[in-house]
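These notes are about the structure you will find just below.
Nothing in this text is a laboratory measurement; each read-out follows from the coordinates by a stated rule. Quick caveat: nothing in here was measured; it's all calculated off a predicted structure. No Cβ is skipped: glycine too gets one built from the backbone with ideal geometry, and neighbour counts run over all protein chains shown.
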């Protein structure tokens, strides 16, 4: 995974690569998919009720683009069983892992007692205002609508990364807040699971 997927996809931050090496991805995957845990694909999260863990390469690129620093505060959104939250914690980040009650069952189990991580349940697009502002926010999937409330919870200089499906095809993006304004930069093209909570409302034509 490290040499065949992450490095070949321009993930070269040594601390981040070490974090990926330390976190056992198979522990966060549904048992029947453990043999696929290190494939370059999404896999069902443990007790995730349909939630998928992002493939390693695009996840690594997103985290690297967010430039997490030790001591920073991060919001990990829709991380399923907590794989991405565990990686961020290995980097010294204080993580709030936000999931729905059903999809977050695995995270409650696997992240219990892990230093630097708090698991919470709630409405994903609403973020978690009680712990805001955040230095970085990771959205583990594609959003078809602009994540307005998440962006509002960024600190000055904060970064949000995720997959923007407001384009015809999802793209990994970096959204930054500076001087009270936000900017968006496309990082790479990528297929990513679309998050139901961030789907565009259906339009009916008569």
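Of the residues 106, 127, 71, which exhibits the maximal mean-square fluctuation in a Gaussian network model of the chain defined by a 10 Å Cα contact cut-off?
In the Gaussian network model the winner is 71.
What percent does the relative contact order of region 2-190 come to when contacts are Cα pairs within less than 8 Å and at least six residues apart?
Dividing the mean separation by the residue count of region 2-190 yields 16 percent.
Whole Å is fine, so just give me how far the alpha carbon centre of region 114-171 lies from that of region 57-71.
13
Under 10 Å, Cα contacts only: if you run a Gaussian network model on the chain, which one of 115, 52, 94 comes out with the highest mean-square fluctuation?
Taking springs between Cα atoms under 10 Å, the residue moving most is 115.
What is the antiparallel percent of DSSP beta bridges lying wholly in region 2-190, to the nearest 5?
Expressed as a percentage, antiparallel bridges in region 2-190 total about 45.
Over region 1-105, what relative contact order in percent results from Cα pairs under 8 Å that are six or more residues apart?
Computed over region 1-105, the figure is 27 percent.
Which whole-number percent is the relative contact order of region 1-52 (Cα, under 8 Å, 6+ apart)?
27
Could you work out how far apart the two model spin labels at residue 102 and residue 38 are, taking each label as a point 7 Å from the Cα in the direction of the beta carbon, and quote it in nm?
3.3
If each DSSP helix of 4+ residues adds -39,500 (n - 2.57) and the sum is divided by the residues in the chain, what number results at 222 nm, nearest 500 deg cm²/dmol?
Per the formula, -5000 deg cm²/dmol.
Can you say what percent of the DSSP beta bridges in region 83-206, counting only those with both residues inside, are antiparallel? Round to 5.
Antiparallel bridges: around 55 percent, rounded to the nearest 5.
What does the extension gain come out to for residue 8 and residue 112, with contour length at 0.36 nm per residue minus their alpha carbon separation?
34.1 nm
Can you tell me which of 47, 131, 177 moves the most in a GNM of the chain? Springs connect C-alpha atoms under 10 Å apart.
Result: 131 has the largest fluctuation of those listed.
Report the full-extension gain for the segment residue 189 to residue 123: residue separation times 0.36 nm, less the Cα-Cα distance, to one decimal in nm.
21.0 nm
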